[in-house]
Structures are given as C-alpha cells and as structure tokens.
Amino acid sequence: MIARRRNWLILGAAVLLFVAVATWRLALLPGPLAFAGGTQVDLTDYRGPSPAGVPAELANADPIAKGQYLTQAADCAACHTAKGGKPFAGGRPFKLPFGTIYTPNITPDRETGIGAWTDAEFLRAVHKGIGRGGERLYPAFPYASYTLLTDDDVLAIRRYLSTISPVRQANKPLGFSFPFNQRWLMTFWSAFFNPGHRFRPVQERSAQWNRGAYLVEAAEHCGECHTPRTIMQAMNTRQKFAGGQAEGWNAYNISSDRLSGIGAWSAQDLAQYLAKGHAPGHGVASGPMGEAVELSTSKLTPSDIAAMVTYLQSVPAVHTKASPRMAGPAPTLASAGPTNNPVGKRIFEGACASCHAWNGRGAITAEQQLTGNRAVNDATAANVAMMILNGIGSPEHQGAFMPSFRASYSDAEIAAAANYVTARFGAKPSRVTAEDVRKMRAQ
Amino acid sequence: MISIQVNGEQRDVEIDGDTPLLWVLRDVLAMTGTKFGCGIAQCGACTVHIDGVPTRSCRLPVSQVGDRAVTTIEGVGATSAGRRIQKAWLDLEVIQCGYCQSGQIMAASALLATNPSPDDADIDAAMSGNICRCGTYVRIREGIKQAARHG
C-alpha cells in the first residue's frame with residue numbers, strides 16, 4: 001500500500017514538474033538579444049553613438065525625410081497597403097488559421113485614418129498594441145518588435161505619416177472566429193510575449209552591431225516571419241531566425257547555420273540581397289521578402305545594410321531539418337532529369353527552360369539560377385509553387401522578372417511543374433498536390 | 001558606350017545598359033530579322049545565339065552580353081548548322097506567316113550544333129519554348145531531321 005502511494009506521489013510530482021517546465025518554457029522566452037550575452041543597458045546609459053534614429057548619412061536631413069527613412073526601415077507600407085490600393089490606406093488581408101484580419105488605414109484622414117490620434121495614442125499602439133479606444137490589437141501588428149523602437153523614432157514615423165495625403169477608406173471588420181475574436185485575450189498575450197521595453201544595446205558589442213540589432217529587431221522586425229512561433233504564437237527566440245511562414249510562403253532559416261541558414265553566405269552576398277533583392281547563386285527575394293526588399297531594405301543606406309549584415313551574421317546557428325544541404329549542379333541534358341513526371345517536364349520545357357535552362361543555371365541572366373536556391377531545395381516546394389502562381393516584378397521594370405502562370409495552368413499542372421523543379425534541381429523531390437495549389441491560389 | 005560583337009563584327013552603341021539586346025539589335029543596329037513577340041521570354045521569337053547558346057534577347061540587358069559573341073538570324077547562315085537548317089526550311093517550305101521563324105531557325109540551328117542527330121524528345125526539349133501560331137511544328141520537326149541527315 002505504502003509503495004503504491006509513493007508511486008502515485010512520484011507520478012504526480014513528475015506531472016506537475018512537466019506542466020511547470022512546459023509552462024515556463026512557453027511563457028518565458030529569451031529576449032531578442034539574449035543570445036549575445038554581455039550587458040544590456042538603457043539607451044541613455046549606452047556609451048557610444050546611438051543605435052537608434054537615422055544613419056549618419058541622413059544626420060542633416062529634414063525631420064520629414066528622417067521620418068520617411070524610418071517609416072521605410074520599419075516597412076509600414078508593405079502591410080498597410082492593399083494590393084492595388086493607395087499607400088498606407090490599409091485593407092490588406094492576412095489569412096490566419098483563426099480567420100482573416102485586415103490592416104487599418106494609417107493615412108492622416110481624421111475619420112477613417114489616424115489623423116485625429118494624439119502622439120501618445122500612436123506611441124501606445126506601436127509600443128503596447130493598444131488601439132485608440134483602448135482595444136487590444138493582435139500581434140499580426142508586430143508591436144512585440146516595434147516596442148523596441150525609441151519614442152523619438154516612433155514619433156518621427158508619425159510625423160512623416162501626417163504628411164502623406166489622407167485617404168478616406170473605412171477599416172474592414174475583424175474576421176476572426178470565437179474565441180479568437182476576443183481582443184481582451186491579447187492582454188495576457190502581451191503580458192507574456194511583448195518585451196514592452198525600448199531597445200537595450202549590448203555594451204560590449206560594437207556600435208555597428210548595435211545599430212544592426214536595432215534595425216533587424218526593432219524596425220525591420222525580421223523575426224516576425226523568420227522566427228518560428230510557439231503554440232502561443234509568440235516568436236520562439238530559443239530557435240531564433242530558424243525559419244517561419246508568411247502568407248503561404250516559407251520564410252527561411254536566416255540563422256548562421258551553414259547548411260540550413262545563411263552561414264555560408266558572404267557579407268557581400270547578404271548586403272547585395274538586402275539592397276537589390278538578389279545575390280548570385282542565392283536566388284531572388286520574392287513573395288513577402290520581395291516586398292520587404294522593394295519597400296524597405298533597398299531604401300536603406302549602405303552603412304545600415306552593413307550593420308544589419310554584421311548583426312545577422314552574429315545570430316547563433318540553428319540547424320533545421322526542413323532546410324537540408326542543397327543539391328549540387330543539375331544535368332544539362334533534358335533527358336537526364338526525372339522521368340516520372342511527364343506533365344512537369346512538358347511544362348518546364350515549354351515555359352521554364354527558356355529562362356532557367358535545363359541545367360538550372362539560368363539561360364539569360366544570373367537571377368534565373370535555380371540550383372543552390374533555398375526555395376528549390378525545400379521539399380515542401382511552397383515557394384516554388386507560389387512563385388509559379390504569382391511571378392515577380394514587371395517586364396517594363398528593371399530587376400528580376402518572372403510572369404505569373406496563375407491563369408495559364410491548372411492546379412494539377414502547377415503542382416507537376418513545382419514537383420519537377422524540386423526533383424530536377426533540389427535536394428529532395430516535393431509532393432505538391434493540386435489541392436495544395438488550390439489553397440495557395442487563395443492566399 | 002557599350003561594345004558588343006554581333007555576327008563577328010564589333011559594334012559600339014550609345015545606350016543605357018539596361019536596354020534589352022533585342023532593342024539594340026532592332027532599333028539601334030537596324031537588324032530587324034530578330035522579332036519582338038511577347039517581351040517576357042515566353043515565345044522564342046527574339047532568340048539569338050550568345051556564344052552559341054540560344055538566348056531570348058528580349059530579356060537580356062545589353063550590359064550583360066560582355067565579350068560573348070552574338071549571332072543573329074542575319075549571321076547564322078555562316079555556320080554549318082545554320083546553313084543546313086535554312087536550306088531544309090526552304091526545301092520543305094516550313095514557314096507559313098514567318099513571324100516566329102527567325103527564332104525557330106536560331107533555336108533549331110543551336111540544337112543541331114550541339115546534337116547532330118536529335119530525336120523527337122530532344123527536339124521537343126529544345127524547341128518547345130518557341131511558339132508558332134500557324135502551327136508549323138510538324139514541318140519544323142521534319143526540317144530539323146532533314147538538316148541532320150545532310151550534316
């Protein structure tokens with residue numbers, strides 16, 4: 001009897017311990033710069049040039065130009081602009097597992113935008129995720145990152161936003177289902193997962209590293225897509241930058257792991273990718289990252305790009321199974337590729353080979369290279385299929401261009417083409433189905 | 001100033017480096033044998049050879065040609081494969097309206113130069129990106145095979 005009771009006690013203690021550890025691990029996540037060690041200090045106590053604000057190149061610019069630069073660095077336009085809509089007028093849908101959420105109008109229109117907001121209300125929204133009427137905002141708005149922005153920088157953004165033309169466009173209602181439509185629940189989310197403090201530089205690191213940290217963590221909010229999320233939808237900083245999702249696209253591992261992440265990229269490649277959206281042999285920034293480059297990182301000064309690169313390269317390596325070692329060169333002979341996918345081959349030879357070439361090295365320009373490209377070596381082929389559906393750029397515009405094949409091919413054909421591409425050029429063949437493509441079309 | 005080698009001749013052009021090679025050929029060098037079709041590398045009408053490789057000139061910025069040799073429909077007859085393809089095209093009257101045929105001949109002669117006796121699958125793999133709205137595909141395939149026989 002006594003032995004049995006002791007066993008129950010041990011089991012109970014083990015269960016309690018497990019729950020406690022699980023809760024602790026879910027609820028208490030390392031801060032964004034915890035990996036760096038050293039002493040994090042308040043900005044006012046930091047010895048060295050401030051990592052916040054605009055870079056030295058813009059030191060003498062007028063306040064509106066500074067605000068515009070910071071607005072671009074925080075990439076407000078990407079989410080607050082609907083496809084084909086007026087900049088900053090909102091209305092862009094984000095389809096999440098809980099329903100659809102639409103970004104609000106942040107033009108200075110007094111009734112439908114933020115023209116009537118006070119500076120304090122704007123600061124509270126950006127730092128704490130609390131709307132004008134005290135309602136809680138969802139962390140689809142990356143306030144868990146923006147909370148690190150200094151008051152001065154948030155208000156500089158506000159000043160710039162007040163100079164753009166007001167657009168009268170009412171916000172769309174939230175499309176979340178119960179219980180996710182209960183905004184007050186975000187009070188708890190924020191209490192645990194919004195760091196809720198301004199950027200704290202690391203005293204032992206260089207000024208350039210701290211500037212890069214400020215840009216990557218606070219303004220550019222890279223981790224919002226590139227860090228996996230916990231079941232509580234918080235950025236899992238224990239797997240910092242190990243890869244996540246964004247609107248049907250995979251946001252790849254950008255930790256310094258050589259196989260899974262960007263550890264094998266040179267600083268020059270990273271800088272070129274952020275500035276131009278392409279680095280030789282690494283593919284083209286497309287989907288949400290294409291937008292981030294076009295609207296944000298391409299607008300940064302060379303010194304800020306260099307700072308971001310310095311910081312990114314310091315993030316510890318996290319190996320992820322989804323991002324294996326990439327395949328080597330592909331065969332030049334058409335017949336040497338996969339033979340079990342005749343539909344995929346037919347599409348590739350008619351629509352793809354003239355630009356990408358049978359060996360995948362690109363037939364016309366370097367942007368067209370498929371080999372060594374993370375998306376092509378991703379066995380989910382999500383980004384390959386999304387790229388076939390959506391294309392990139394426009395033929396009149398310089399830079400990378402690929403037409404959208406959304407209207408040209410059926411779901412089954414696009415799935416076959418994506419599977420052919422990963423089988424011929426990637427580490428592992430994908431198994432995309434017509435049903436997967438149907439869902440991707442709706443993204 | 002950008003210098004490119006076209007059909008064995010060095011040509012200097014005063015033009016923005018982002019201009020596609022096709023525009024330079026047609027509008028600056030007045031070599032209008034190469035045609036504009038879709039402008040997005042999907043039809044093949046603008047095909048030229050860059051160092052012997054069939055390439056869509058509508059998407060190739062002229063600054064990226066470098067010192068590689070450009071061969072166009074005006075110059076391809078000087079090569080063995082090009083000469084045989086052009087003869088087969090005339091013998092079999094491959095051409096109907098002709099708009100795509102500069103590109104077809106360029107793609108076919110590049111194929112023949114690298115593969116002296118292509119089978120149907122080789123021809124499909126090399127020629128599928130060249131679209132012909134008159135549907136001359138059957139004669140194109142026959143033309144390539146005849147040119148191969150006379151190699």
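The values are calculated or read from the model by the stated rules, or taken from the named source; none is laboratory data. Predicted, not measured: the structure shown is a model, and the values here were computed from it. In this analysis, Cβ positions are derived from the backbone assuming ideal geometry, glycine residues included, and neighbour counts consider all displayed protein chains. Calculation scope for accessible area: heavy atoms of the full protein, side chains included, ligands and nucleic acids excluded. Shrake-Rupley method; radii C 1.70, N 1.55, O 1.52, S 1.80 Å.
What the table below lists for this structure:
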{"quantity": "Accessible surface, per residue, of the stretch B:77-149 when the full set of protein chains is kept, probe 1.4 Å, Å²", "calculated": "48 Å²"}
{"quantity": "Sorted peptide list for A:93-101, A:48-56, criterion being average Cβ within 10 angstrom, highest first", "calculated": "A:48-56, A:93-101"}
{"quantity": "Viscosity 0.692 mPa s, 37 °C: Kirkwood-radius Stokes-Einstein D of the protein assembly as shown over Cα pairs, µm²/s", "calculated": "122 µm²/s"}
{"quantity": "Globularity ratio of the stretch B:77-149, using Cα Rg and 2.2 N^0.38 Å", "calculated": "0.95"}
{"quantity": "The stretch A:1-71 versus the stretch A:373-443: alpha-carbon centroid distance in Å", "calculated": "36 Å"}
{"quantity": "Estimated 222 nm signal from helices in chain B, with DSSP H stretches of n ≥ 4 weighted -39500 (n - 2.57), rounded to 500", "calculated": "-10000 deg cm²/dmol"}
{"quantity": "Cα centroid separation, the stretch A:242-278 to the stretch A:338-352 (Å)", "calculated": "29 Å"}
{"quantity": "Residue-by-residue Karplus 3J(HN,Hα) for the stretch A:282-295, coefficients 6.51, -1.76, 1.60, Hz, glycine and proline x", "calculated": "10, x, 10, 5, 9, x, x, 5, x, 5, 4, 5, 4, 8"}
{"quantity": "Built amide H within the under 5 Å cut-off of A:I130, gap 5+", "calculated": "A:A125, A:L137"}
{"quantity": "Along each principal axis, Cα extent of the stretch A:1-98, largest first, Å", "calculated": "81, 44, 16"}
{"quantity": "For A:T100, residues with placed amide H under 5 Å, excluding near neighbours", "calculated": "A:G175, A:F176"}
{"quantity": "Two-site FRET efficiency, A:T44 against A:A322, from Cβ-Cβ distance with R₀ of 45 Å, rounded to 0.05", "calculated": "0.60"}
{"quantity": "Solvent exposure ordering (accessible area, 1.4 Å, most first) of A:L389, A:L259", "calculated": "A:L259, A:L389"}
{"quantity": "Ordering of B:141-150, A:36-45 by packing [mean C-beta count within 10 Å, highest first]", "calculated": "B:141-150, A:36-45"}
{"quantity": "Integer Hz, Karplus 6.51/-1.76/1.60 couplings in order for the stretch B:26-33, x for Gly and Pro", "calculated": "7, 8, 9, 8, 6, 9, 8, x"}
{"quantity": "Alpha carbon convex hull of chain B, projected area averaged over orientations, nm²", "calculated": "8.0 nm²"}
{"quantity": "Relative contact order (%) - criterion: Cα under 8 Å, at least six apart; region: chain B", "calculated": "24 percent"}
{"quantity": "FRET efficiency, B:T32 to A:R229 (Cβ-Cβ, R0 56 Å, nearest 0.05)", "calculated": "0.45"}
{"quantity": "Length-normalised contact order for chain A - Cα pairs under 8 Å, 6+ apart - percent", "calculated": "13 percent"}
{"quantity": "Derived scalar couplings ³J(HN,Hα) [the stretch B:125-136; Karplus, 6.51 cos²θ - 1.76 cosθ + 1.60; whole Hz; x for Gly, Pro]", "calculated": "5, 8, 10, 4, x, 9, 9, 10, 6, 7, x, 7"}
{"quantity": "Fully extended contour minus Cα-Cα distance, from A:L17 to A:A412, at 0.36 nm per residue", "calculated": "137.3 nm"}
{"quantity": "Relative packing of peptides A:154-160, B:76-82 - highest average C-beta neighbours within 10 Å first", "calculated": "A:154-160, B:76-82"}
{"quantity": "B:H150-A:A427 FRET efficiency (beta carbon distance; Förster radius 60 Å; 0.05 resolution)", "calculated": "0.85"}
{"quantity": "Quotient of C-alpha Rg and 2.2 N^0.38 Å, computed over the stretch A:65-190", "calculated": "1.01"}
{"quantity": "Using distinct alpha-carbon pairs, which all enter the 1/r mean, Kirkwood radius of the stretch A:353-402 in Å", "calculated": "11.5 Å"}
{"quantity": "Calculated on alpha-carbon atoms, Rg and Dmax of the stretch B:2-71 in Å", "calculated": "10.7, 29"}
{"quantity": "Potential lengthening between A:T339 and A:F188 on full extension [0.36 nm per residue; Cα-Cα distance subtracted]", "calculated": "49.0 nm"}
{"quantity": "Qualifying lysines (Cα of each under 29 Å from Cα of A:K345; at least 8 residues distant if same chain)", "calculated": "A:K321, A:K428, A:K439, B:K35, B:K145"}
{"quantity": "Spatially proximal aspartates and glutamates relative to A:K172 (Cα-Cα < 17 Å; intrachain offsets below 8 disregarded)", "calculated": "A:D109, A:E111, A:E135"}
{"quantity": "Gain upon complete extension [A:A78, A:R258; 0.36 nm per residue less C-alpha separation]", "calculated": "61.8 nm"}
{"quantity": "For a label point 7 Å along the Cα-to-beta-carbon line of A:L174, residues of the stretch A:140-156 with backbone N under 14 Å", "calculated": "A:140-141"}
{"quantity": "For the stretch B:77-149: relative contact order, % (alpha-carbon pairs under 8 angstrom, 6 or more apart)", "calculated": "46 percent"}
